[in-house]
Amino acid sequence: MAVIYSYPVKVNPTGDDRMIISDMGDSKRTKQVSLTDLKTLVNTTYTLTATDANSGTQGGEVDLKLTDSDGVVNNIKLKGKGNFIDVSQTIPNQVDFNVVNIPTDANFIFTQSIPSTTWTITHNLDKFCSVEVVSDSNVIKYGNVTYNNTNSLTITFSAAFSGKAYLN
């Protein structure tokens with residue numbers, strides 16, 4: 001038998017091509033296998049499991065446990081910079097993670113530039129927010145907060161002023 005590097009190189013192998021192996025279960029006898037058979041042997045499936053992490057913060061991280069079909073576990077960390085993760089598979093056996101955004105603890109800053117006794121705020125946070133109001137001179141102001149729904153609220157004050165409302 002010739003030395004392996006003396007054989008010509010096949011640039012684009014196919015599944016029907018054959019290779020030589022030593023069968024360890026049969027007294028190390030030399031046998032042939034197809035590349036398709038070899039692919040089936042090494043085609044490992046994975047189970048991806050998310051574990052608790054600070055995934056609810058902007059630029060947060062999600063700890064992932066990747067377990068292959070042989071039970072080998074790899075821990076990986078997925079880091080993000082926004083509000084959700086886009087997962088796609090455009091090439092067989094390859095999954096692309098495009099971290100568009102990871103969920104954040106939603107907040108909203110409203111600016112009332114014209115002095116008013118009634119501020120109506122549409123925040124679209126889909127929750128009943130806590131509210132902190134400051135005047136243009138950064139003095140905390142107190143008003144009556146009415147939640148119109150989970151996406152808007154109205155604040156009524158005893159005197160007109162302008163400033164900011166911080167919602168979270």
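Only the coordinates and a few stated rules stand behind these numbers; no lab work does. Because the structure is predicted, anything quoted here is derived from the model rather than measured. Neighbour counts are summed over all protein chains in view; Cβ atoms, including those assigned to glycine, are modelled from backbone coordinates with ideal geometry.
Observations, loosely collected:
- Over all projection directions, the Cα-based convex hull of the range 108-168 averages an area of 3.4 nm².
- Taking 0.36 nm per residue of sequence separation and removing the Cα-Cα distance, the T122/I109 pair yields an extension gain of 3.6 nm.
- Karplus (6.51, -1.76, 1.60) ³J(HN,Hα), θ = phi - 60°, over the range 149-163, in Hz, Gly and Pro reported as x: 6, 6, 10, 8, 8, 10, 10, 10, 10, 7, 9, 6, 7, 10, x
- Highest to lowest packing among 135-145, 11-21, scored as the average C-beta count within 10 Å: 135-145, 11-21
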